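Okay, so here's the structure we're looking at.
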Amino acid sequence: AAGVIQSPRHLIKEKRETATLKCYPIPRHDTVYWYQQGPGQDPQFLISFYEKMQSDKGSIPDRFSAQQFSDYHSELNMSSLELGDSALYFCASSLASGSGETQYFGPGTRLLVL
Amino acid sequence: SQKIEQNSEALNIQEGKTATLTCNYTNYSPAYLQWYRQDPGRGPVFLLLIRENEKEKRKERLKVTFDTTLKQSLFHITASQPADSATYLCARRGSQGNLIFGKGTKLSVKP
């Protein structure tokens, strides 16, 4: 079965640079979530989209923005990167019109800011 | 505040034994709880969901219980194997449809 795809898997950036992370949800899933997981931490919710519209925001810095496109893939744009942005970034998808409770996570993008 | 807590950061057991992981919640009544497995550097993988009106749910060697009196969910792995070594996350639904995770319990199964 198709899973959530994320790219790139690894990314190294300098401070103050920008980064774009991509997520391709499971086909026919209508909801996408972004999470950030710091070292030794649990995943923290950043932002979500339902049917290509921003649904909710969590603890997402103003330097970050995201969108979902017509093909349902989503991109997380991160600007003015800081050392503290180094983390694993996960995308998850679910089918809201189904049970909606279970989220399927991608393999993550490991971002290192130097 | 509404909390979900996994009090054990780590659990070490011998192969073949049953691993029992605990998830406690306070100041709210979740309609359901979920358990995920996460391997290092990888995304969480859904294992089981249990609703508040369900006492127990099973899937192969996995069993989860939900005790609304104790405000607790227990996650059991029977006949544990070294391949079961991972971090196990308890999660509840947040107000925005997102998942709110506990800190996780790192399980190590020794041969």
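The values are calculated or read from the model by the stated rules, or taken from the named source; none is laboratory data. In this text the structure is predicted, and so the values were computed from the model without any measurement. When we count neighbours, we look across all protein chains shown, and the Cβ atoms used for this are built from the backbone with ideal geometry, even at glycine. Just so you know, the surface numbers come from the protein's heavy atoms only, side chains and all, with ligands and any DNA or RNA stripped out. Shrake-Rupley method; radii C 1.70, N 1.55, O 1.52, S 1.80 Å.
Things worth noting here:
- Within segment B:86-111, the residues that satisfy the criterion of being free of Cβ contacts under 8 Å to residues at least 40 places away in the same chain and closer than 19 Å to A:Q37 by Cβ are B:G94, B:Q96, B:G97, B:N98.
- Sole residue being closer than 28 Å to B:Q6 by Cβ and not in a strand (DSSP E or B), chosen from A:I60, A:I47: A:I60
- Residues in segment A:6-22 that are within 11 Å of chain B (Cβ to nearest Cβ), of a type outside the set (S, T, N, Q) and not in a loop (DSSP other than H, G, I, E, B): 1 in all.
- Residue count for segment A:38-49, restricted to those that are crowded, with 18+ Cβ neighbours inside 10 Å and either more than 10 Å from every other protein chain (Cβ to nearest Cβ) or of a type in the set (F, W, Y) (or both): 2.
- Residues being within 12 Å of another protein chain (Cβ to nearest Cβ), open to solvent by 20 Å² or more (accessible area, probe 1.4 Å) and β-branched (V, I, T) - total across segment B:24-50: 1
- Apart from one condition, A:S55 fits all of (1) open to solvent by less than 20 Å² (accessible area, probe 1.4 Å); (2) assigned to a strand (DSSP E or B); (3) farther than 19 Å from A:V113 by Cα; the exception is (1).
- B:K57 vs. criteria farther than 20 Å from A:A92 by Cβ and either out of contact with any Ser or Thr (no Cβ under 8 Å at 6 or more places or on another chain) or part of a strand (DSSP E or B) (or both): yes
- Every condition in (1) touching a residue at least 12 places away in the same chain (Cβ under 8 Å); (2) open to solvent by 30 Å² or more (accessible area, probe 1.4 Å); (3) more than 14 Å from every other protein chain (Cβ to nearest Cβ); (4) hydroxyl-bearing (S, T, Y) is met by B:T69 except one, and the failing one is (1).
- For segment B:7-23, a residue qualifies if it is surrounded by 12 or more Cβ atoms within 10 Å (Cβ to Cβ) and modelled with pLDDT of 95 or more, and the qualifying residues are B:L11, B:I13, B:E15, B:K17, B:T18, B:A19, B:T20, B:L21, B:T22, B:C23.
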